[in-house]
Amino acid sequence: MPTPSPTRNPVRPLPGHPPGPRFAAVLLAVALGNLATGTWAVLHAATEPAAAGIEFFETRVRPVLIESCYPCHSAESGKEKGGLRLDTASAILRGGDTGPALQPGEPDASLLIKAIRGDSPDLQMPPASRGGPLPVEQVEALEAWVAMGAPDPRTQEDAAPRTDPLEAARRHWAFQPITRPEAPRVTGSDGVRTPVDAFVLAKLEANGIAPAPPADKPTLLRRITYDLTGLPPTWAETAAFLRDESPDAYERVVERLLASPRYGERWGRHWLDVARYADTKGYVFQEERRYAYAYTYRDYVIRAFNEDKPFDRFLIEQLAADRLDSDGDHSSLAALGFLTLGRRFLNNPHDIIDDRIDVVARGTLALTMGCARCHDHKFDPIPTEDYYALYGVFASSEEPGEKPLLGDPPDSEPYREFLAAQAAIEAEMEAIAVKEIDAFITTVQQAREEAAKQAETAGDPTPKALDNGDQERLRQVLEAEGEPNEQVRAEARRILSRQIGNATVPHRQRLEALNWTHPGAPARAMAMTDRAQPADAAVFIRGNPGNRGATVPRRLPAVLASLAPEPFRDGSGRLELARAIASPDNPLTARVFVNRVWAWHFGRPLVDTPSDFGVRTPAPVQRELLDWLASEFTAQGWSIKTLHRLIVLSNTYRQSATASPSARAADPDNRLLHHFDRQRLDFEAMRDTLLAVAGRLDLTMGGQPVEIDDFPSAPRRTVYGFIDRQNLPGLFRTFDLASPDLSSPGRFTTTVPQQGLFFLNSPFVLEQSRALAARVDTPRTKADAPFVQALYHELYQREPEPGETDLATAFLSRATDLPKATVHPGGWHYGYGGYDDATERTTEFTPMSAFEGRRVSPKAGFPDREGLGYVSVTADGGHPGPKPGLASIRRWEAPTSGMVRITATLRHPNDQGDGVRARVVSNHRGLLGEWSAHHDSVDTGMSELAVQAGETLDFAVDCRASDAYDSFQWAPVIEYVTTEPEGADTSPTVWDAQAGFASPRPPQPPLAPREQLAQVLLLANELMFVD
Amino acid sequence: MTSSFHKPRPEDAFLTRREFLSRCGMGLGSLGLATLLAQAEGAISRMDSPLAPKAPHFPGKARRVIHIFANGGPSQVDTFDPKPELTRWHGKELPIRLKTERKTGTAFASPFAFQPHGQSGIEVSELFPHVAESIDDIAVIRSMQADVPNHEPSLLLMNCGESRLPRPSMGSWITYGLGTENQNLPGFIAMCPGGYPIQETQNWQSAFLPGIFQGTYLDTAQTDLEKLIQNIRNPVVNRATQRAQLDLLQTLNRRHAAQRDADPRLEARLQSFELAYRMQMDASDAFDVRREPESVRRMYGEGTQARQLLIARRLLEKGVRFVQVWHGNGQPWDNHDDLEVNHRRLARECDQPIGALLQDLKQRGMLEDTLVIWGGEFGRTPVVELPTAGANAGKINGRDHNHYGFTMWLAGGGVKGGTVHGATDEFGFQAAENPVHVHDLHATILHLLGFDHERLTFRHAGRDFRLTDVHGRLVREILA
């Protein structure tokens, strides 16, 4: 039975939805070989038989018909040339004056095909007046379509002239009022825990599918804990839950999790995907990029979820908090970040407004308004006027110059320091301005005198205009005032405003940066207010602001007009818009949000396109369930936590992740919800889990974002990480963070080797591996078996199976037996020291650590005043110490044994002084070479040199009699020709002194066997997937 | 409700080839089947792995692309578009005036000499003698046009086909459409020594396409592999130990999978670790130009441009799909003043390596299926730029931005060599014959790779987006 329910709700194979949602589009970026074919193949078994043909019609045939044939042969155009219409399945078969237009399956016998081929001179379509013959590929497509039997879905389109698109759209399921369907009666009524189950079971029973049994308790606990908090349960929580045999044990867990502040951090982040949250503006040229206060929106969202702020209120605040009666509490102003924290497009106002329309329309209503910026929506009932009706709303709103404070700034020491720091920078700026103004006035006065002198010489006593326009402007004021008084200075300031502005760019940047660097900086809202003079906008014809059409009143999109038919009158209209969106009568808002919530619980939405409920989006298989949830949601006062309870307390949610073979065969895509779909941890849950199990997670909430891309990264929850939308760090992209540029309907789930590299090699994961191993390393775990057991408790909240303990302990003993890891820190070190002729060794090597750009010297302050002079190493050379025997030393430590080749040229560029002496000295084999250079260069390469792991080669340069003019260049490149044992090490085979010039990382010891094991268990699928 | 109205997309691709045929009720041999199949097959493999190699709409001549971006805007009248008339008008007001970004003055003759090269006799200036040696493999488009004379929108237009809004870059579209040949390396790589060009990573953004299609940025001023590819090396675990770790990991993963239903995601993650393990070796090799024979290294010459173009060739050879090579951070070719000195310096840095790349590709038989693209985001004015306070004050020896007409050239994969297409007016100001808009260039590039630019689409926000938006016209004249 390929289709469980072909008549009622055909189960379609991931139908027309954008590949946005992770739910369906699990993109596997690795070559799976034959595996994938077999497993993915199951997904299409439920396809409607003719789906492929219909798909072909839609993609290849319908566009051609619309474009090239409908103008003369359709109800839409009102033309039926030759008595022929081609816009419905029956009309095309009926044909026109010369008979049926096609014979299904027989292209050669079909008039339509003959006509477009131009077989006969008196029947050639389209006619030259309509653009002439079709491109070959279009002809081929139509031939192929007829050959496959001319599958044609246009059966309902027979209704003669097309009705008003708006009228037609009102019939679309998503635009109809939300009803409250009765929960269906089902036979297995003991399977019904919440009404959700009744809807699900009814569909399953109708298709003869049994739901999966409940998940076991540890699985359920792990599922619900991740779902509601984004973190794993602890071993203690699992143990307590297992012990608790009371009937409401699970319910109490759900309540505990919903009450946890971790809940808001998890669910707030979901909403931030919709809100295209980022901490920067994108590309804005020289302007400061960072949003100082984006975080206040993020914290507002987290708080709103934790407080279970009613969703209608949540929406209204995000659109119009400034217009609500705040009763002295300004905290909700932060909500307006929803509108204001998008990309800034070099401050192009039209694009900024477009971004705001998009986030509101798609984010809250799942309406794709963006298309209507340039033309009426091709499919949905969204005319261009609707777009500009909203455009007017946002164009009538502005961001206040000074962002409002969120609460009063505390009268604290840090805040006073903040104000003082601000004042100090402002004083610096003023000093610059005063200097510029003084200089300019002096210049003009001199120029005036000069001109007067020349005039006098020429015998013309009248004052002369100056050539330079700016100077002349000031001269006139000077003449009028007679002396450089305040008026003159004010004029000079005006004239110089741009120049002063340029000269103080860094100051203004510092001033701005204080807002996020200074601990006393107060929080502000990225607010919005109504303009004093709100105004309707004109349509930009084809989106071109230079080509204005009719003015459109600010109002709701027509398809929602019944909610508020009149144009907006109150200020910009944002509040009216917000109220209409958050109205229980709005057919979209509750449906759209409930669908998103469902997706965030189940990993997949009921409606496949969470941000597009337009007419091309078919009603979901679980339409009654969606509507019931939506109506219940509004009936329960838009409480999100109540909605969670309806869902997570259901049996549907509690099912096992394992499907029965028969259920899988009947509904391989699980559209009927006969088991729980396994989910992979997303980026935030993954990173938070690694920190949590390592015992390092810092649960501080809120505040300025922290860097999490650098190492060491702040051990805060990932939701507090700094997100730069302009240059999103590779780590975020690698793990499928939602694009912060656009409201995201859902995340992709990709699997790429870069993720593997992160888990295997990143300092972050290695750090957590060490921390985890240290955490479970207690007196009780001296032996390997209890150590393994402790790891399993912490990571997987279960006992290891005997086989697993064996594998792990075998790994530990083998790892201990492995040849001592050959990892040496390796690489470059910098210092100074002497040389002993007798032993041929470097003496008194003293490391240098003061890095300043491309130079390292013994201590801060260069040159050294206490006897070390200019001794230093630079990326490509350096300078010796002040006396012979005090050498600048670049030391290379061999990470592994092998044969190396050294390429290097010593250059002493200056023709003055007496040149330098260079040596290469090994700590194993003494002096390997000695050269000198003065105003010339010398090749110091060595073709074959055997080195041992840990051996050091010192590239030492000292002066001859004098160290004057002794800057030198010497940047060796050391290449391994062979290593021993072959490929034993992952360290580089090429060591380039210049490229590798950097402050050395503190040497890290090799990962110990227990740490290696901890890392393996951190990487395992058991940790990364939730059943 | 009818089925949706869109082009095939990855998630539609659950049909195997055989099923596609049987469902469509067709046998092999029907008319037009070749194109249909290519489409269907292309779509099918997409689901297995978005980066796995896939077939385009029809067999393309080019299989990989290198886009050498002379960012800042090289001057056409000083490089590939000789204008003797401009010399005659030097110092005089030109009869045509076009609005320029900054104030411009009289005609400014090219300080560089042109001469014909190759069988085709196409004239190239003295700035590019090495490139000129391959002129018979090159199609020069002298009638390029962009929309505005500003860097930011023009860079985005050239790279993403849209001047302002976040849209996927050409490299993202191409890797989305074709996948890549080597799963151990990124499919789309953008190189820029010393930092980012203007507009930064937006130049290789994937926008609403999955993040894996975004260009991987490499700072080619770095020679240290660890700075080139994140996490490519483990500082504290050696290879033998890592192998032992992976063996244990995979054993545990298989036990875990065996207790569950077949789930391709579990297997995929398991495989990704093996790929990552191998990548550590492959990537070191790809970026190590020292592995090239001395003769090849000498051919490319010294310097950063030489090194990054040689790395680019190694990457292309190893199966990377799209490599974009920028001249440097910021906008090096943006010579508002001292044009002669600066253009000479810039060309000296890149001419030999680009010439070497063309010959090297040819010697390896790679030029026939590698598309080489050279150009900036726009060109420069034939008239001199007038001084602006705070910019080029005191110097009247540079050129302003020019989007009305400029030159780009293509070589290799499917391009008709030794061709000149289009022309600017007699002074080189404005495209006069056969203008080629950036959208047209994109359509042509996609065609060379086997795509109908109108059918390479992605559904986003209710609409099927494409690189060429609603524009694009194939430039057939430069096709081989």
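The values are calculated or read from the model by the stated rules, or taken from the named source; none is laboratory data. A quick note: this is a predicted structure, and the numbers were derived from the prediction, not measured. Don't worry about glycine lacking a Cβ; one is built from the backbone with ideal geometry, like all the others, and counts go over all protein chains shown.
All of A:727, A:761 fail the test of being free of Cβ contacts under 8 Å to residues at least 12 places away in the same chain, over 23 Å from residue B:281 (Cα atoms) and of a type outside the set (Ser, Thr, Tyr), apart from A:727. Of the conditions (1) within 14 Å of chain B (Cβ to nearest Cβ); (2) free of Cβ contacts under 8 Å to residues at least 60 places away in the same chain; (3) surrounded by 22 or more Cβ atoms within 10 Å (Cβ to Cβ), residue A:751 fails just one. Which one is it? Among (1) within 14 Å of chain B (Cβ to nearest Cβ); (2) free of Cβ contacts under 8 Å to residues at least 60 places away in the same chain; (3) surrounded by 22 or more Cβ atoms within 10 Å (Cβ to Cβ), residue A:751 violates only (2).
Considering only residues of segment A:792-829 that are at pLDDT below 90 and either in contact with a Gly (Cβ under 8 Å, 6 or more places away or on another chain) or at positive phi (or both), which is surrounded by the most Cβ atoms within 10 Å (Cβ to Cβ)? If we take residues in segment A:792-829 being at pLDDT below 90 and either in contact with a Gly (Cβ under 8 Å, 6 or more places away or on another chain) or at positive phi (or both), then A:827 is surrounded by the most Cβ atoms within 10 Å (Cβ to Cβ). Per the listing B:368, B:377, the residue uniquely closer than 16 Å to residue B:79 by Cβ and at pLDDT 95 or above is B:377. Would you say residue B:262 is more than 8 Å from chain A (Cβ to nearest Cβ) and at pLDDT below 85? So residue B:262 fails the test.
Note on segment B:359-429: no enclosed strands (runs of 3 or more DSSP E) hold 2 or more residues that are without any contact (Cβ under 8 Å) to a residue 24 or more places away in the chain and over 25 Å from residue B:160 (Cα atoms). Considered as a group, the residues in segment B:257-286 that are surrounded by fewer than 22 Cβ atoms within 10 Å (Cβ to Cβ) and farther than 20 Å from residue A:751 by Cβ include one that is farthest from the chain's Cα centre (by Cα), and that residue is B:259. Of the strands (runs of 3 or more DSSP E) lying entirely inside segment B:85-140, those containing at least 3 residues that are in the same structural domain as residue B:346 (by TED's automatic domain parsing) and surrounded by 14 or more Cβ atoms within 10 Å (Cβ to Cβ) are B:104-107, B:122-125. Taking the conditions (1) crowded, with 21+ Cβ neighbours inside 10 Å; (2) more than 14 Å from every other protein chain (Cβ to nearest Cβ) in turn, residue A:386 satisfies each one other than (2).
Taken over segment A:416-435, the criterion of being of a type in the set (Val, Ile, Thr) and either outside the structural domain of residue A:497 (by TED's automatic domain parsing) or surrounded by 16 or more Cβ atoms within 10 Å (Cβ to Cβ) (or both) is satisfied by A:425 alone. Of the residues making up segment A:520-535, none is exposed (fewer than 15 other Cβ atoms within 10 Å of the Cβ), under 22 Å from residue A:423 (Cα atoms) and at pLDDT below 90.
Of the residues making up segment A:411-435, those that are without any contact (Cβ under 8 Å) to a residue 12 or more places away in the chain and not hydrophobic (A, V, I, L, M, F, W, C) are A:411, A:430, A:435.
The condition of being surrounded by 24 or more Cβ atoms within 10 Å (Cβ to Cβ) and more than 23 Å from residue B:438 (Cβ to Cβ) holds for only one of B:317, B:385, B:294, that being B:385. Find the residue count for segment A:715-738, including only residues that are part of a helix (DSSP H, G or I) and more than 23 Å from residue B:186 (Cβ to Cβ). Adding up the residues that qualify gives 3. Picking from residues in segment A:830-850 that are touching a residue at least 60 places away in the same chain (Cβ under 8 Å) and over 19 Å from residue A:993 (Cβ atoms), the one that is surrounded by the fewest Cβ atoms within 10 Å (Cβ to Cβ) is A:839.
Taking (1) among the small types (Gly, Ala, Ser); (2) within 35 Å of the chain's Cα centre (by Cα); (3) at pLDDT 50 or above in turn, residue A:101 satisfies each apart from (2).
Filtering segment B:215-259 to residues that are more than 8 Å from every other protein chain (Cβ to nearest Cβ), within 30 Å of residue B:170 (Cβ to Cβ) and polar (S, T, N, Q) leaves only B:220. Cβ separations smaller than 9 Å between residues 6+ apart or across chains give the following pairs from segment B:294-307 residues that are at pLDDT below 95 to residues that are surrounded by fewer than 18 Cβ atoms within 10 Å (Cβ to Cβ) and of a type in the set (Gly, Ala, Ser): B:304/B:194; B:304/B:221.
Which of the residues spanning segment A:687-736 are more than 19 Å from the chain's Cα centre (by Cα) and aromatic (Phe, Trp, Tyr)? Correct list: A:711 only. Considering A:946, A:971, A:933, A:1014, the condition of being under 43 Å from the mean Cα position of the chain (by Cα), more than 10 Å from chain B (Cβ to nearest Cβ), over 18 Å from residue A:827 (Cβ atoms) and modelled with pLDDT of 90 or more is satisfied by A:1014 alone. Under the condition of being of a type in the set (Gly, Ala, Ser) and closer than 12 Å to residue A:797 by Cβ, which residue from segment A:221-251 is surrounded by the fewest Cβ atoms within 10 Å (Cβ to Cβ)? Of everything passing the filter in segment A:221-251, A:236 is surrounded by the fewest Cβ atoms within 10 Å (Cβ to Cβ). Tell me, yes or no, whether segment B:287-307 has at least one residue that is within 7 Å of chain A (Cβ to nearest Cβ) and over 25 Å from residue B:182 (Cβ atoms). Taking every residue of segment B:287-307 in turn, none turns out to be within 7 Å of chain A (Cβ to nearest Cβ) and over 25 Å from residue B:182 (Cβ atoms).
For segment A:869-916, the set of residues classified as of a type in the set (Lys, Arg), in a strand (DSSP E or B) and more than 46 Å from the chain's Cα centre (by Cα) consists of A:907 only.
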